[in-house]
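Computed from the coordinates by the stated procedures, all read-outs in this text should not be read as laboratory data. Predicted model only: the values in this text are computed from it and were never measured. Cβ placement follows ideal geometry from the backbone for every residue including glycine, while neighbour counts extend to all protein chains displayed.
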Amino acid sequence: MISVDDILAGDRLALSRLLSQIENDTPEGRAVLNKLYPHTGKAHLVGVTGAPGTGKSSLVNRLAHYYRHPPEDQRPKSVAIVAVDPTSPFSGGAILGDRVRMRDLSGDAGVFIRSMASRGSLGGLAISTSGLVQAFDAAGFEIVFIETVGAGQAEVDIARLAHTTLVIDVPGLGDDIQAIKAGILEIADILVVNKADRPGAEHTERALRGMLDLAHPVRRVFHHHGRLEVVSAPTTEASPKESFWSPPIQQTIATDGTGVSELGASIARHYQYLKKSGGLELRERARLQSELDDLLQATLLNRWQEAVPADKYQKVLADLVRRRMSPRQAVNELLDGVSL
Amino acid sequence: MRKAAQKIRVLIAKPGLDGHDRGAKVVARALRDAGMEVIYAGLRQTPEMIAEAALQEDVDVVGLSILSGAHNALVPRVLELLHANGQENVKVFLGGIIPDDDADELKEIGVTEIYGPGTLTTTIVTQIREAIV
């Protein structure tokens, strides 16, 4: 049995075993997580996402190192890292290779790195990632990094889980049209151009800057055909309280640490901003709501599956295949008489 | 509802200073294809780094690949640290160039199985599965 007190007291083996129980969604894992929940809500959750090979793990390694060895006027913070890598859709196995980039952190008791496989989940995280994050939060880690699988354009679950989301870009991945597409760039609280020593870094930053200027217009005065024009910034309706954070663009070189302390400072600024503006509560609320909804869905599905006999399901499926029933009718048939 | 079967978690690491990691990668890939979750720690790991990773990842198996001849120094230390951390249940497998006499001794102090060149990956997969149950 895993004891809640051991977790709260910082027992690393107990924590590690709990993380496995949560990943495997066991009754014991659920029970301990229920008891730990009141102790959560203190950590700063930092999401890190971006395409495969953009340097997410290397950058997390550098950032964690920065928090452990901060500038002189600050104290070191404890850091947990949840690194997600993809599960093979064919074998169900996975190679979790993020630790390879994080060897600088080994031997430090203030750091805990846990790799996890996505196990079929498609949003860039695994289903149990938020459970792992809660466990780290309750165990007293002050900063929790959540590194997604290499993400393309639409894996945006991280924005719901993290307080501060970093989107990592590198030179040469696309032009300004890529930059104005919907999806992953929209969720950035901070944009990072990593591998900034490569040719084209300035161009990438310019494309991102152009995208931001469209999304976060500010009041501008400019000359147009000899006349002085003033364009005032529109107020946003979607999130009035959060409307004044314009994501900074930070150039970094993760392999030698260039730009990492500036990035660390940006992360701290964003957290301060969230606290002051009330954005933190809004995000917490949205995060918990989406977690509640997901859990409700999964639980209802579970109960329904326990309530419906397998042969009835097979019979309806057969009818569906023979075109005797439409998919909607099949659903009605299967829900008929089931009390959830 | 069908639960995802509990996955076997394996840490693959190369302790010591030799840089020949092809074997470790081949084994990692074979275990992945057998449905296991493989944490790949890579080259030039100290026994301390390996034990720490095994603890944080709560693995069932640690696979060590050594081609430098330093196995008699490195492997006992890894076993010792795993025990000290309370992970005496973790099975340790070893691959590489290990002379027979050394292999016997290493098995005596707790290594589950040792694989030399030419071992079939299917053998490794089967024996890991058997060791875990």
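Quick one: of the DSSP bridges fully inside the protein assembly as shown, what percent are antiparallel, nearest 5?
10
Computed over the Cα atoms, what is the radius of gyration of region B:16-61 divided by 2.2 N^0.38 Å, N being its residue count?
1.19
In terms of modelled amide H atoms, which long-range or inter-chain residues lie less than 5 Å from the amide H of B:I39?
Correct list: A:L96, B:V10, B:L11, B:I12.
Can you give the mean number of other chain Cβ atoms that lie within 10 Å of the Cβ atoms in peptide A:60-66?
Taking the mean over all residues of the peptide, I get 0.
What 222 nm value per residue comes from the helices of the protein assembly as shown, counting each DSSP H run with n ≥ 4 as -39,500 (n - 2.57) and dividing by all residues, nearest 500 deg cm²/dmol? Please list the in-between numbers first.
Details: 17 runs with 201 residues, N = 473.
Value at 222 nm, helices only, nearest 500: -13000 deg cm²/dmol.
Going by alpha carbons, how many degrees (0 to 90, nearest 10) lie between the helix axis of A:279-307 and the longest principal axis of chain A?
20
Compactness ratio of region A:78-148: Cα Rg over 2.2 N^0.38 Å, N = residue count?
Dividing the Cα Rg of region A:78-148 by 2.2 N^0.38 Å gives 1.13.
Please report, to two decimal places, log10 I(q)/I(0) for chain B at q = 0.11, 0.15 Å⁻¹ as given by the Debye formula with identical point scatterers on the Cα atoms and no solvent.
Here log10 of I(q) over I(0) equals -0.34, -0.64.
Are there chymotrypsin sites (Phe, Trp or Tyr not before Pro) in region A:43-146 that DSSP marks as loop and that have at most 12 other Cβ atoms within 10 Å, and which are they?
Taking region A:43-146 and a limit of 12 other Cβ atoms within 10 Å, the loop chymotrypsin sites (Phe, Trp or Tyr not before Pro) found are A:F90.
Would you work out the Kirkwood radius for chain A? I mean one over the mean of 1/r across all pairs of different Cα atoms, in Å. Could the numbers behind the result be given before it?
Details: mean 1/r = 0.0448 Å⁻¹.
Result for chain A, one decimal place: 22.3 Å.
So how do A:37-47, A:307-317 stack up, highest first, on mean other-Cβ count within 10 Å?
Ranking the peptides A:37-47, A:307-317 by packing returns A:37-47, A:307-317.
When each pair of different Cα atoms in region A:56-190 is counted once in the 1/r mean, what is the Kirkwood radius in angstroms, to one decimal?
15.9
Taking a quarter of the surface of the convex hull around the Cα atoms of region A:249-340, what do you get in nm²?
Values: hull surface 46.4 nm².
Its average projected convex-hull area is 11.6 nm².
Please give me, ordered by residue number, the trypsin sites (Lys or Arg not before Pro) of region B:1-78 that lie in loop per DSSP and have at most 11 other Cβ atoms within 10 Å.
Sparse-neighbourhood loop trypsin sites (Lys or Arg not before Pro): B:R2, B:K3.
Helix A:27-36 versus the longest principal axis of chain A: what is the Cα-based angle in degrees, 0 to 90, to the nearest 10?
Approximately 40 degrees, to the nearest ten.
If Lys and Arg each add +1 and Asp and Glu each add -1, what is the summed charge of the other residues whose beta carbon sits under 10 Å from the beta carbon of B:V59?
For residues surrounding B:V59, the net value is -2.
Averaged over peptide A:108-114, how many Cβ atoms belonging to another chain are found within 10 Å of each residue's Cβ?
Rounded to a whole number, the mean comes out at 2.
Mean Kyte-Doolittle hydropathy of 0.5 or higher plus an axial Cα length of 27 Å or more: which whole DSSP H helices in chain B meet both?
Flagged H segments: there are none.
Amide H of B:G95 versus every other amide H placed in the peptide plane: which residues, excluding those fewer than 5 positions away on the same chain, fall under 5 Å?
B:L64, B:S65, B:I66, B:Y115
For region A:59-99, what D do you get in µm² per second when you plug the Kirkwood radius from alpha-carbon pairs into Stokes-Einstein at 20 °C and 1.002 mPa s?
Working: Rh = 12.5 Å.
D, rounded to a whole number, is 171 µm²/s.
Under 5 Å between amide H atoms, partner at least 5 residues away or on a different chain: which partners does A:T258 have, H built in plane at 1.01 Å?
When sequence neighbours closer than 5 places are left aside, the close amide H contacts are A:I253.
Treating the angle as unsigned and between 0 and 90°, give the value, to the nearest 10°, between the Cα long axis of helix A:310-321 and the longest Cα principal axis of chain A.
Computed tilt is about 70 degrees.
Mind checking B:47-58 for the average number of partner chain beta-carbons within 10 Å of each residue's beta-carbon?
5
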